Amino acid sequence: METITIVVIGLALLFDFLNGIHDSSNVVATMISSRALAPRLALGLTALANFFGPFVFGVAVATTIGEEIVAASAINENVLLAALASAIFWNLLTWYLGFPSSSSHALMGGFIGAVIVGAGWSAIQLTGLEKILIALFTSPIIGFIVGYLILRATILLSWNATPRINQLFRQSQVLTALALALSHGTNDAQKTMGIITLALVTDGFLAVFKVPTWVILACASMIALGTAFGGWKLIRTLGGRIFKIRPVDGFASQLASAAVILGASLVGGPVSTTQVVSSAIMGVGTGERANKVRWGVAQEIVTAWLLTIPATALVAAGFYWLIGYFLP
């Protein structure tokens, strides 16, 4: 295996680790805010569920990333290095700022930007790109709607319940959080698996695109480790800045997010956990009372969604030029 391929794999695993830190907030924020579980216990349980996600539900998303965006023959190590460097830079920047942007958007933007600069527009497979963009941009809308509907249904079914039902919602959040963590590990870890497997195909280490077991194990381990560390600034943003979350809100938003992400994962659609969870929280808040949601914070999150892909594409183009200058 060539040295540059080892560097690509190392950067991919670093991105996976940062993805775990960045996106841990999506899984545990509402559960911590509603006091269903202590923070460290919540992060530990979700880290384990993240690890087992791809082993339970397969690697359809990795195949989409590796085979349907661009032909492997058009990829070289410099493209992959630039894409990963761009995504890592964006994750670190938004993590530092406490801005819940999408790791998935960062990786896709970096990948698309690096491919266009390195191999040209003709290297992009438009059918696959369309599938990915549809999944990324419709999933938040679906998350909002599902969150709204689940909250309304939950309130309707528990209309005459006593305040003791809050304890049931707190306990139920453990199950919904585990389901969300499984879906997160299933979807997000697979994006890195796709990049690493592409690098192995490009290097000639693999004859065809098929994710090796050791790649699944490595990526699942890194995203679980990142999740265990937790991104506390982002947890505070999602757990309290959008609106004050009660046990029923945490239960409804986690259930909605898990359903959307897992459904997308099973059909190979890469979605943004950050987007889905944020939009589900907003849908739940709207389902209770529209003016309960702090729409200024929601606007900041939507701005990050819109900026991430073009910004990381441009950053990746710059990294590709630098890599080509120092590693011709």
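Going by how many other beta carbons lie within 10 Å of each one, how would you line up LEU178, LEU306, fewest first? It would help to have the intermediate numbers written out before the result.
On the way: LEU178 19, LEU306 11.
Taking fewest neighbouring Cβ atoms as first place, the list is LEU306, LEU178.
Can you give the FRET efficiency to the nearest 0.05 for ASN291 and ALA123, using r as the Cβ-Cβ distance and R₀ = 51 Å?
0.60
Show that you can apply the helix-only estimate: for the chain, add -39,500 (n - 2.57) for every DSSP H stretch of four or more residues, divide by all residues, and state [θ] at 222 nm to the nearest 500.
-27000 deg cm²/dmol
Suppose the chain between VAL302 and LEU133 were pulled fully straight at 0.36 nm per residue; how much longer would it get relative to their current alpha carbon spacing?
Taking VAL302 through LEU133 to full extension adds about 59.3 nm, to one decimal.
Summing +1 for each Lys or Arg and -1 for each Asp or Glu, what net charge is found among the other residues whose Cβ lies under 13 Å from the Cβ of ILE6?
-3
Note down the net charge around LYS131, summing +1 for each Lys or Arg and -1 for each Asp or Glu among other residues with Cβ under 15 Å from its Cβ.
Here the charged neighbours net out to -2.
Fewest Cβ neighbours within 10 Å first, please rank ILE145, ILE195, ILE216 accordingly.
In order of increasing Cβ crowding within 10 Å: ILE145, ILE216, ILE195.
Placing unit charges on C-beta atoms (Lys and Arg positive, Asp and Glu negative, everything else neutral), compute the dipole magnitude of the range 3-322 about its Cα centre in debye, rounded to 20. Before the final figure, lay out each step's value.
Numbers: 16 positive and 11 negative charges, 277 e Å.
The dipole magnitude comes to about 1320 debye.
Pull out the extension gain between VAL267 and ILE165, defined as 0.36 nm times the separation in residues minus the alpha carbon to alpha carbon distance; nm, one decimal.
Length gained between VAL267 and ILE165: 33.2 nm.
Please rank SER278, SER265, fewest neighbouring Cβ atoms within 10 Å first, as an exposure proxy.
So the residues, fewest neighbours to most, are SER265, SER278.
On average, how much area does the Cα convex hull of the chain cover when viewed from any direction, in nm²? It would help to have the intermediate numbers written out before the result.
Working: hull surface 60.1 nm².
With the hull built on Cα positions only, its mean projection is 15.0 nm².
None of the figures in this text is laboratory data; all of them are computed from the coordinates on show. Bear in mind the structure is a predicted one, so any value in this text is a computation, not a measurement. Glycine also receives a Cβ, built like all others from the backbone with ideal geometry; neighbour counts cover every protein chain displayed.
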